[in-house]
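The values are calculated or read from the model by the stated rules, or taken from the named source; none is laboratory data. Please read all numbers here as calculations on a predicted model, not as lab measurements. So basically every Cβ, Gly included, is an ideal-geometry build from the backbone, and we count neighbours across all protein chains shown. Keep in mind that these areas ignore ligands, DNA and RNA; they rest on the heavy atoms of the full protein, side chains included. Shrake-Rupley method; radii C 1.70, N 1.55, O 1.52, S 1.80 Å.
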Amino acid sequence: MNEQQQSLLDFMRQQSDKLLSQTLEHIGLTFISLLLAVMIGLPLGILIARKKQLSGSVLGFAGVLQTIPSIALLGFMIPLLGIGPKPAIVALLLYALLPIIRNTYTGITGVDVSIKEAAVAMGMSKWQILKQVELPLAMPVILAGIRTATVINVGVATLASYIAAGGLGEFIFGGISLNNTNMILAGAIPAALLAIVFDFLLSLIQKMNFRKVRLGVYALPVITLLLASFYFIPSAYGGKLTAGFTPEFMGRQDGNLGLRDRYGLKIHTIVISDAVMYKAAYEKELDVISGYSTDGRLKAYDLVVLDDDKHIFPPYYAAPIVSEVALKKFPELERTLNMLSGTITDSIMTELNYRTDYLHQSPERVAKEFLESKNLYKPARNGKAGIVRIGSKIFGEQYILANMYAMLIRGYTNYDVSTKTGLGGTKICFDALTNNQIDFYPEYTGTGLLAILQAQPQTVNKLMSDKERTYNFVKAEFNKRYNIKWLTPIGFNNAYALMMRRKQAQELNVRTISELKNHTNTN
Amino acid sequence: MIKADNLSKHFGAIKAVDKVSFEVTEGETMVLLGTSGCGKTTTLKMLNRLIEPTSGTISINGRDVASRQPEELRRGIGYVLQNNGLFPHYTVAQNIAVVPNLLKWDRAKTQKRTTELMEKLHLSVQYLNAYPNELSGGQQQRVGLARALVADAPVLLMDEPFGALDNVTRTKIHAEFKALDELKRKTIIMVTHDVQEAFALGDRIVIMDKGRIVQQGTPQELLFTPANDFVKDFLKEQHLQLELRSVKLTDIWPGLTDTGRKTHTDLLSADENMWTALEGFKFTQHDNINIINQHTREIKSVGFEALMSAYYQYKKQPHHE
Ligand SMILES: Nc1ncnc2c1ncn2[C@@H]1O[C@H](COP(=O)(O)OP(=O)(O)O)[C@@H](O)[C@H]1O
Ligand SMILES: [Mg+2]
């Protein structure tokens, strides 16, 4: 426990620059959106207090906005506003709207009618009544709404990191994907503290009596503006290129840390989710992104992979892994599966992924057409000499491979096939294999090394730059520990990669990460 | 000064006010009297256009109020609400300064006028920076009155101004109210459901029922020549006291015989009514009271029997005008 605390503090100290800038971004995001929400919500609340027939629809609409899950709302924003602070602020503003509109409405309609009547009777105009009577008397209720909105915003702002708007979510979600508790806490604790502190400060203003409340009401917009401006402070970067990396990539040695250590790459980096990263690169919001080298979107958005000339990304060569039991039971299996080896390069796999993920062609069709093009396809023999059980993880590339294997087995042997596709992640697939639920599935060398064998860092460092040695290492270890055989690699390497728009890479004459580094660091 | 002609206000099917006409002359205090829901407040609010009439006209100083800009009209009419309607977020001074600020008075003038009014209304200046919720009901009522009087508007509308006060406070405030010089030159329309209050304060009384005027006239006229059984029944309970209140000592002056024995120096104005004179006997324990007729500067010293016999003599006369 003590050790945990110690290392959390160490982490925070080490990352204090980042922690500060993320906290400032977080506060900034919260208050920019809050300010805008007040600027929109307050007049709307006043409007519906005047025209009550509008109140149902306005409050209803604001209520519906609030029921949209935050991630989905951020998702809706991207096609409209791209990535970065703009969509994040709009999304936060939409969340903050309901409490502000509702409380303004409740506050104003709740002002004692006889007081309003007195104001009218003394000859005050509508505007004077609003300014001098209704708003001041509704202020405690309105402030309560602003308080609710602030706390909501501090919470939702953690999700801003999904769309490259920064904030403490970078630590939180980076920590979650890296399974790094200190990193999660370094983001979560300040976020929780911010919520508590702002809630408390606003409760003080809310409880002020009339004598002081006027001061508070004047001070509030000023303070809010000040806090809102925090967002713009950390944005002093050099260079013209912008990189967008996933939270996971940010914290990995075989990711951003390696880029800095081994390449010395210094580039303005924002954190963004995998779901929107490729599109953002295509739309020139980002110049360099972290991705997977066989991702279909590479082709869809015309991106190129930069050569990892210093080998910081471990090889992820794909090969079928088969239990020894199955190899004995199906003597023809190994030969049949190896028919695919060496046939699929990175660019072919990217193309195939593009056809399933982007053109939405079925994995069967893509698999069949590929085998036909290589003259490997044969119609099914409908043999009855036993059933081979094929597994696959839950993404497109694995579906395609599983289909190819199924077609090869049916066409070249007398075995039949049952496919258990969509077995979630690595752990589920691998457990299914060791527990004899399936006979084989396609696995990647890097995953075998890091996720399954959980190799020591020294081992990883030693092996990483060499795909042969990595393959030999996992093959030997799997055989020894699990009685599982790695067959010959299929050919492609689905590893982490840096990528750029093809056109920009050509213009800048950047083909490798080193060249990218030379380019950014001299700029 | 104020003239309502065939004034009606309908809320859907409810005829809250139904063809009401009356006239109030300058400096007069007119009371709208009737049970709850008879349309008094609605009538009053039409005068400063808080409510627009369904039909009929109102003119103040010969000008149709409908032709005037409402805010400007209202700034020229003092208005006292039943539950005072003070702004809870304003201090006493700020509450009183609302209309002066609307009229863009300078600060010094407002301040001077506020202090003057506080004094006249027996409010300590230490309350100037207090908030309404720090005051008693009676004090709040006075602040409400001060707010309505501050700009010295010639017309004052009051909706059950003393309704929230207990009986003792109310009687005390009635006396102060009548003595207030600020009010002497104002044209006042006051709403109440309290018969005693109406008789205590009204120069003329308009009795309303179900949105219509049942009878209007001076207190004496209503008491001694009620238009119908409704009026008679309405006034019945407090009839004796009202009668005594409605008769001024000047009315019975000719019938009063002076005993010529002045045993003390207390003087009672002949503008006071019979009720006050009788109370004088009760509270002072003297067996005679000295009444001074302001107009003739004559003083008569009378005993209880002499007073009562002059009163009965007066009542036997056929006309009380
Ligand atoms: N805004 C309104 N809408 C509908 N009915 C009303 C409204 N204001 C008053 N009334 C009705 O008009 C009648 C007269 O009301 P009001 O003038 O307030 O009576 P009072 O002041 O004599 O007690 C009552 O029956 C009341 O219910
Ligand atoms: Mg009323």
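Just one residue in the set A:Tyr405, A:Tyr354 is more than 20 Å from A:Ala495 (Cα to Cα) and of a type outside the set (Gly, Ala, Ser); that residue is A:Tyr405. No other residue among B:Asn133, B:Asn101 is away from ligand 2 (no atom under 16 Å from the Cβ), in contact with a Ser or Thr (Cβ under 9 Å, 6 or more places away or on another chain), modelled with pLDDT of 90 or more and in a helix (DSSP H, G or I) apart from B:Asn101. Within region A:131-154, the residues that satisfy the criterion of being away from every other protein chain (no Cβ under 14 Å) and either within 20 Å of A:Lys51 (Cα to Cα) or among the polar types (S, T, N, Q) (or both) are A:Thr148, A:Thr150, A:Asn153.
For the structure I just gave you, tell me whether B:Gln313 is open to solvent by 40 Å² or more (accessible area, probe 1.4 Å), in contact (Cβ under 8 Å) with a residue 60 or more places away in the chain and polar (S, T, N, Q).
Values: open to solvent by 40 Å² or more (accessible area, probe 1.4 Å): yes; in contact (Cβ under 8 Å) with a residue 60 or more places away in the chain: yes; polar (S, T, N, Q): yes.
It is true that B:Gln313 is open to solvent by 40 Å² or more (accessible area, probe 1.4 Å), in contact (Cβ under 8 Å) with a residue 60 or more places away in the chain and polar (S, T, N, Q).
Do we have B:Leu157 as within 16 Å of ligand 2 (Cβ to nearest atom) and of a type in the set (A, V, I, L, M, F, W, C) here?
Details: within 16 Å of ligand 2 (Cβ to nearest atom): yes; of a type in the set (A, V, I, L, M, F, W, C): yes.
When the stated conditions are applied, B:Leu157 passes them.
Away from ligand 1 (no atom under 16 Å from the Cβ) and in contact with a strand residue (DSSP E or B) (Cβ under 7 Å, 6 or more places away or on another chain): does that describe B:Leu156? Here the answer is yes, as B:Leu156 does meet what is asked. Based on this model, can you work out whether B:Asn167 counts as more than 21 Å from B:Glu26 (Cβ to Cβ), at pLDDT 90 or above and either open to solvent by 20 Å² or more (accessible area, probe 1.4 Å) or within 16 Å of ligand 1 (Cβ to nearest atom) (or both)? Criteria not met by B:Asn167.
Every residue, every condition in (1) open to solvent by less than 10 Å² (accessible area, probe 1.4 Å); (2) over 21 Å from A:Thr421 (Cβ atoms); (3) not assigned by TED's automatic domain parsing to the domain that holds A:Asp261, yes or no:
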residue	(1), (2), (3)
A:Leu327	no, yes, yes
A:Thr336	yes, no, yes
A:Ile344	yes, no, yes
A:Ser347	no, yes, yes
A:Glu364	no, no, yes
A:Ser373	no, yes, yes
A:Gly391	yes, no, yes
A:Gly396	no, no, yes
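In this structure, does B:Val302 turn out to be at pLDDT 85 or above, in the same structural domain as B:Leu33 (by TED's automatic domain parsing) and buried (at least 18 other Cβ atoms within 10 Å of the Cβ)? Spelling it out, it is not the case that B:Val302 is at pLDDT 85 or above, in the same structural domain as B:Leu33 (by TED's automatic domain parsing) and buried (at least 18 other Cβ atoms within 10 Å of the Cβ). Can you confirm whether A:Gly174 is farther than 30 Å from B:Ala153 by Cβ, surrounded by fewer than 18 Cβ atoms within 10 Å (Cβ to Cβ) and among the small types (Gly, Ala, Ser)? Answer is no for this residue.
All conditions but one from (1) within 16 Å of ligand 1 (Cβ to nearest atom); (2) among the aliphatic types (A, V, I, L, M); (3) open to solvent by 50 Å² or more (accessible area, probe 1.4 Å) apply to B:Leu103; the one that does not is (1).
Which of the helices (runs of 4 or more DSSP H) contained wholly in region A:1-114 include at least 1 residues that are at pLDDT 90 or above, small (Gly, Ala, Ser) and open to solvent by less than 30 Å² (accessible area, probe 1.4 Å)? Spell out the reasoning first.
Working: elements: A:2-14, A:16-50, A:55-67, A:70-81, A:85-109.
The qualifying helices (runs of 4 or more DSSP H) are A:16-50, A:55-67, A:85-109.
To keep it simple, each residue is scored yes or no on (1) surrounded by 14 or more Cβ atoms within 10 Å (Cβ to Cβ); (2) at pLDDT 90 or above; (3) under 30 Å from A:Asp309 (Cβ atoms).
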| site | (1), (2), (3) |
| --- | --- |
| A:Tyr377 | yes, yes, no |
| A:Ala402 | yes, yes, no |
| A:Ala406 | yes, yes, no |
| A:Gly425 | no, no, no |
| A:Asn435 | no, yes, no |
| A:Pro442 | yes, yes, yes |
| A:Gly446 | yes, no, yes |
| A:Leu453 | yes, no, yes |
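Within region B:185-208, being within 16 Å of ligand 2 (Cβ to nearest atom) and either open to solvent by 10 Å² or more (accessible area, probe 1.4 Å) or assigned to a helix (DSSP H, G or I) (or both) holds for B:His193, B:Asp194, B:Val195, B:Glu197, B:Ala198.
Could you please find all residues in region A:115-130 being in a helix (DSSP H, G or I) and within 12 Å of chain B (Cβ to nearest Cβ)?
Our first condition is that a residue be in a helix (DSSP H, G or I); within region A:115-130, this holds for A:115-121, A:126-130.
Correct list: A:Ile115, A:Lys116, A:Glu117, A:Ala118, A:Ala119, A:Val120, A:Ala121, A:Lys126, A:Trp127, A:Gln128, A:Ile129.
Evaluated against (1) away from ligand 1 (no atom under 16 Å from the Cβ); (2) open to solvent by 20 Å² or more (accessible area, probe 1.4 Å); (3) more than 21 Å from B:Val20 (Cβ to Cβ); (4) not hydroxyl-bearing (Ser, Thr, Tyr), B:Glu182 falls short on exactly one condition, (2).
Listed conditions (1) loosely packed, with under 15 Cβ neighbours inside 10 Å; (2) under 22 Å from B:Lys178 (Cα atoms); (3) more than 26 Å from the chain's Cα centre (by Cα) are all met by B:Phe283, apart from (3). Checking each residue in region A:274-318 for being hydroxyl-bearing (Ser, Thr, Tyr) and open to solvent by 20 Å² or more (accessible area, probe 1.4 Å) picks out A:Tyr282, A:Tyr292, A:Tyr301, A:Tyr316, A:Tyr317.
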